[in-house]
Each structure stands twice: as structure tokens, then as C-alpha cells.
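S.K.: Provided herewith is a single structure, encoded as C-alpha cells, for subsequent inquiry.
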Amino acid sequence: MKTGVPESELESSVFLLQPGRAILCTTKNGDGSNHVAPFSWINPVSHKPPRVALALLNHPKKQHSLENIERTGEFVINMPGLELAEKLVESSFLTLEGENKFVRSGFTPLPSIKVEPPGIDECKAHLECKVISSINTGDHTLLIADVLCAHYDVDAYGPSLSINTEKFQPALHLFNYNLDKSQVHIFLKSSSSYTIEVPYTSAFNEE
Ligand SMILES: Cc1cc2nc3c(=O)[nH]c(=O)nc-3n(C[C@H](O)[C@H](O)[C@H](O)COP(=O)(O)O)c2cc1C
């Protein structure tokens with residue numbers, strides 16, 4: 001049996017696309033200090049050249065990361081493992097006046113090669129990105145960016161850059177809700193892979 005999402009609640013239909021791949025995005029603040037925040041609306045959008053698209057909230061309040069990226073054109077996508085889930089969620093929380101989120105998080109900055117914002121050493125992969133265009137898609141701004149440089153942990157990824165599931169569990173985010181003094185976040189935990197071999201169709205063989 002299937003049921004429809006009521007039209008009055010259609011905004012929640014995007015949750016049918018879960019899990020979201022949560023990443024930590026690092027940027028530079030106006031004063032040159034480092035900034036970090038987690039985002040999951042990220043996708044590859046071109047292979048050659050390598051490009052990614054990241055959707056950041058612009059309404060009713062613009063994400064601070066978006067302000068930083070609009071000013072500098074640069075950001076780094078860092079792939080955290082599930083062991084960083086608490087810190088990842090905490091880095092979405094607001095800061096007090098004068099507080100720096102990167103410093104508060106305790107993450108170790110990893111110098112980048114082609115962009116100013118550093119990566120996060122505790123993460124397993126780093127994509128250094130430069131914005132080539134942005135689109136206002138509604139309450140989010142979609143940033144399309146070239147990947148200028150990328151590096152990764154050789155224990156976390158195999159030679160073909162597929163995840164080594166025994167060593168690295170990405171932060172696959174399912175859902176969250178607020179309590180009085182905390183937020184609850186549910187991540188997908190899976191430490192195995194599912195391998196299949198599919199015979200070519202005859203049409204494919206003729207090509
Ligand atoms: C797992 C997770 C995924 C998130 N994904 C997004 C996202 O894709 N886009 C977005 O605008 N905010 C997302 N957020 C919310 C931002 O992290 C949050 O609003 C944060 O305060 C933004 O920080 P900034 O204003 O310092 O940039 C996500 C939060 C969490 C915990």
C-alpha cells in the first residue's frame with residue numbers, strides 16, 4: 001500500500017529522499033578566522049570537469065557559511081565519519097557573540113592547497129571548491145562549484161575511491177527533532193556493502 005503526502009504538507013516530501021550525506025563545510029570569516037557548519041544537501045553535478053552543488057538556506061535567515069562563500073567564492077567539503085556525529089551536530093548550533101564555531105568544535109585545521117579555507121584533519125576526504133555560479137532555488141541558494149583539488153585518507157577509501165566500509169562509515173543523516181535542551185539526530189549505520197553482478201542486456205552488447 002502507498003499513501004500520498006497531503007498537499008498541505010508537500011514541503012516534507014523532500015524527506016522521502018533521505019538519507020542525506022552530511023558533510024562539514026569550512027569557510028573563511030571576514031576577519032580571516034575559520035568557520036565550520038554541517039550540510040547535507042550536496043551532490044556531484046559534473047564529472048568532467050568535476051563539480052558539486054551545495055544548497056544553503058537563504059530565507060528567512062541567510063546561513064553564515066553562505067555569506068562567507070558569497071564573499072570569498074571558496075569552501076572546502078569535508079567528509080566526516082560517524083564517530084564525529086556529535087561534533088557535527090554541535091557545529092550546526094548558534095554561537096555566542098564573539099565565539100568562533102571552528103575553535104568551539106575543537107577540529108584541527110588542515111591547510112588547503114588551492115583555496116584559503118582549511119580542511120578538517122579529523123575528516124576522511126576533502127574537496128577544495130571554487131564557486132562558478134549560484135542560483136536562487138527558493139528558500140535555498142544552490143552554489144555550483146569547481147572541485148580544484150581533493151585528497152583523502154587511504155585507509156578510508158580503496159584505490160578506486162570507493163569507501164572501505166570496514167574502516168569508514170559516512171554520516172548518513174535520516175532525521176532529527178528538538179527537545180527542550182537538546183536535539184536528537186538519527187543516522188543510518190551500516191558497515192557492510194551489497195555486491196551484485198548484472199549480465200549485459202543484448203542491446204548493450206551490440207553497441
Ligand atoms: C546533519 C545536518 C544537515 C544539514 N544540512 C543543511 C543543508 O543542507 N543546508 C542548510 O542550509 N542547512 C543545513 N543544516 C543546518 C545548518 O547546519 C545550520 O543552520 C547551521 O547553523 C548553519 O551554520 P552557519 O550559519 O554557521 O553557516 C544541516 C544541519 C545538520 C545537523
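S.K.: Counting only Cα, what are the radius of gyration and maximum Cα-Cα distance Dmax of the range 18-206, in Å?
M.R.: Final numbers for Rg and Dmax: 17.7, 65 Å.
S.K.: Once you charge only the Cβ atoms, +1 for Lys and Arg and -1 for Asp and Glu, what is the size of the charge dipole of the chain about its Cα centre, to the nearest 20 debye?
M.R.: About 140 debye.
S.K.: So, counting K/R as plus one and D/E as minus one, what does the shell of residues with Cβ under 13 Å around G119 add up to?
M.R.: -3
S.K.: In percent, what relative contact order does the chain have, based on Cα pairs under 8 Å that are 6 or more apart in sequence?
M.R.: Worked out over the chain, it gives 21 percent.
S.K.: Counting only helical runs of four or more DSSP H residues, what would the 222 nm mean residue ellipticity of the chain come to if each run contributes -39,500 (n - 2.57) and the total is spread over all its residues?
M.R.: Using -39500 (n - 2.57) per qualifying helix, the result is -3000 deg cm²/dmol.
S.K.: Which of the aspartates and glutamates could a cross-linker bridge to K167, judged by Cα under 17 Å and excluding same-chain residues fewer than eight apart?
M.R.: Answer for K167, where 17 Å is the Cα cut-off: E83, D121, E122, D153, D155, listed by chain and number.
S.K.: How many lysine pairs are close in the range 1-133, with Cα atoms under 14 Å apart and the two 8 or more places apart or on different chains?
M.R.: The number of close lysine pairs in the range 1-133 is 5.
S.K.: Looking only at E70, E97, E197, which one moves most when the chain is put into a Gaussian network model with springs between Cα atoms under 10 Å?
M.R.: Result for the chain, Cα springs under 10 Å: E197 fluctuates most.
S.K.: Name the residue farthest towards the positive end of the dipole of the range 18-206 from the options T141, F39, V131, assuming +1 on Cβ of Lys and Arg, -1 on Cβ of Asp and Glu, about the Cα centre.
M.R.: The residue sitting farthest along the positive end of the dipole is T141.
S.K.: While we're here: Give the residue list of trypsin sites (Lys or Arg not before Pro) in the range 106-182 that are DSSP loop and have at most 14 other beta-carbon atoms within 10 angstrom.
M.R.: K114, K181
S.K.: How large is the charge dipole for the range 128-176, taken about the Cα centre, if only the Cβ atoms of Lys, Arg (+1) and Asp, Glu (-1) carry charge, to the nearest 20 debye?
M.R.: 80
S.K.: If the label point is 7 Å along Cα→Cβ of E70, which residues in the range 1-35 have backbone nitrogen under 17 Å from it?
M.R.: 27-31
S.K.: Can you tell me the FRET efficiency between A150 and L57 if r is taken as the Cβ-Cβ distance and R0 is 22 Å, rounded to the nearest 0.05?
M.R.: Efficiency, rounded to the nearest 0.05: 0.30.
Every number in this text was worked out from the coordinates using simple rules, so none of it is lab data. This one's a predicted model, so the numbers in the text were calculated from it and none came from an experiment. Every residue, glycine among them, receives a Cβ derived from its backbone with ideal geometry; neighbour counts consider all protein chains shown.
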